Amino acid sequence: MTEEWPPEPDAETLRRETMGAFAHEIRTPLTSIRMVMELAKRSADADGGLRLDRELAEMLAASVDDLQQLADDLQEMSRLERGKLALAPGPCDLAAAVSAAGELLGGSPAIEGEAPPAVEGPWDAGRLVRALAGLARSANRMGDGSGTVRLTCRVEPGQAVVEFASGRPGGEERPIAADAGFAFFRARQLVVAMGGSVHCERRDRFARVAAVLPLGGPGGRGGG
């Protein structure tokens, strides 16, 4: 990219902040499970058996699902890092991937902006969708938290750039740390595994995150 971005943290810092983000986010479903168990104990039957009404059962199931997803994501990251996971190299339509990412987010945050250009690349479609959703979510989280991120897409020689922004520039630069959210670090690794890169600018109540995706390789082609 010709545009200037703040330098990326070194590999050890990224690894440390990734694990910090994971440790923080795993506490949420664990706390919910603990709360469900405590509520169930209060309504235990005469034999001391735990009782779960529908609401508590649904809460417990959702928390277990969240734990499973976090575990799956961490395992996937580990396999990618060790070169044990093969990606499906497209072709993948960028506009379709951005649209699917918005659907995956379910409007939280909402993605606003012009439609991406007509372009295909050698990217793993399923993983690109999840990566873009993660980057949009982290941009909102690091930015103003308004629930809306601005989308900008462009095609440059040999690459496509998908950028999400939240808030307005201002204030001092801030580092990328664990509070960016585990989704950010997972998304970054997925994009890197597809031969791309992720760049981020973060300031007080402002963030913009860009995924730079290669267009070269089998099945890749650009359009106007």
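The values are calculated or read from the model by the stated rules, or taken from the named source; none is laboratory data. All of these numbers come straight from a predicted model, not from anything done at the bench. Cβ coordinates were reconstructed from backbone atoms using ideal geometry, including for glycine residues, and neighbour counts include every protein chain displayed. Heads up: the accessible areas ignore ligands, DNA and RNA and are worked out on the full protein's heavy atoms, side chains in. Shrake-Rupley method; radii C 1.70, N 1.55, O 1.52, S 1.80 Å.
Checking (i) -0.31, -0.55, -0.63, -1.16; (ii) -0.34, -0.59, -0.69, -1.33; (iii) -0.47, -0.71, -0.78, -1.20 against log10 I(q)/I(0) by the Debye sum over Cα atoms at q = 0.08, 0.11, 0.12, 0.18 Å⁻¹ calculated from these atoms, the matching label is (ii). Here the relative contact order of the chain, from alpha carbon pairs under 8 Å that lie six or more residues apart, stands at 23 percent.
One chain, two ends: D72 and R16. Fully extended at 0.36 nm per residue, the span grows by 18.3 nm beyond their Cα-Cα distance. Shown here is the pair-distance distribution of the range 89-145: with all Cα-Cα distances grouped in 5 Å bins from zero up to the longest one, the shares run 5, 21, 28, 24, 15, 7, 2 percent. The helix-only estimate of mean residue ellipticity at 222 nm for the chain, built from DSSP H runs of length n ≥ 4 each weighted as -39500 (n - 2.57), is -15500 deg cm²/dmol after division by the residue total. Rounded to the nearest whole Hz, the Karplus-based 3J(HN,Hα) values (6.51 cos²θ - 1.76 cosθ + 1.60, θ = phi - 60°) of the range 128-137 follow the sequence 5, 4, 5, 5, 5, 4, x, 5, 5, 5, with x at glycine and proline. When S166, S78 are compared by accessible surface with a 1.4 Å probe, the order from highest to lowest is S78, S166.
In sequence order, the range 14-29 has phi-based couplings of 4, 5, 5, 5, 4, 5, x, 5, 5, 4, 5, 6, 6, 5, 5, x Hz under the Karplus curve 6.51 cos²θ - 1.76 cosθ + 1.60, θ = phi - 60°, and Gly or Pro positions carry x.
Give, as a single signed number, the net charge of other residues whose beta carbon lies under 15 Å from the beta carbon of L14, with Lys and Arg counted +1 and Asp and Glu -1. Once all neighbours under 15 Å are counted, the net charge is -1. The radius of gyration of the Cα set in the range 29-158, together with its Dmax, comes out at 20.2, 71 angstrom. For the chain, a simple Cβ point-charge model (Lys and Arg +1, Asp and Glu -1, everything else neutral) yields a dipole of about 180 debye relative to the Cα centre. Residues whose amide H comes within less than 5 Å of that of R174, counting only those at least five positions distant or on another chain, are R202, R203 (H built at 1.01 Å from N in the peptide plane).
Couplings 3J(HN,Hα) for the range 176-191, derived from phi with the Karplus relation 6.51 cos²θ - 1.76 cosθ + 1.60 (θ = phi - 60°), are 7, 9, 4, 6, 5, x, 4, 4, 5, 5, 5, 4, 4, 5, 5, 5 Hz, where x marks Gly and Pro.
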